[in-house]
């Protein structure tokens, strides 16, 4: 899990949290009771949505919805009884695609629906995480689909059962949804601002 955490920017592993340690500094202050306490102050750059508003919010919500639909379609395809979907060589990449699907859903909860500007870690754990996850899902699905057709070619059995059709429909839906995620998030323009332009 640590490997996938580092690859997709989950923010749940120690090494991932340390990636952004230089963006913060520790500051001491006195609380209401006069006790000296420490707090983290953000000193890194801010990522700003160039065109915040209802259109951008709709884009973010659409990307989150497509990520959820993609995960559902993938699960639907995996559970279908079909001729070659049950083959180990096909199921391995499809099951591996479940991991980035999970991280994409985690990223959907971290999208900047109201947070603007964003800290670098917030941007990475939201928009960037979903983009990377979508690319990884597409790669795994491509391998699974190609292998399934290669097996059919080798065995010479092109009879598509009802389960086969549902299997391919589920995978196709997941592919389209992830392409949609990349298209929507890619349409959002962001710029970086120095820290002194904003205050945490």
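The values are calculated or read from the model by the stated rules, or taken from the named source; none is laboratory data. Just so you know, these numbers come straight off a predicted model, no measurement behind them. We place every Cβ from the backbone using ideal geometry, glycine too, and count neighbours over all the protein chains shown.
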With segment 58-152 as the region, which helices (runs of 4 or more DSSP H) entirely inside it contain at least 2 residues that are on the phi < 0 side of the Ramachandran plot, at pLDDT below 85 and out of contact with any helix residue (DSSP H, G or I) (no Cβ under 8 Å at 6 or more places or on another chain)? 120-123
The one condition in (1) more than 23 Å from residue 176 (Cβ to Cβ); (2) assigned to a helix (DSSP H, G or I) that residue 37 fails to fulfil: (2)
Exactly one of (1) touching a residue at least 60 places away in the same chain (Cβ under 8 Å); (2) over 15 Å from residue 185 (Cβ atoms) is unmet by residue 96. Its number? (1)
Of the residues in segment 40-60, those that are closer than 19 Å to residue 183 by Cβ, surrounded by fewer than 16 Cβ atoms within 10 Å (Cβ to Cβ) and in contact with a strand residue (DSSP E or B) (Cβ under 7 Å, 6 or more places away or on another chain) come to 50
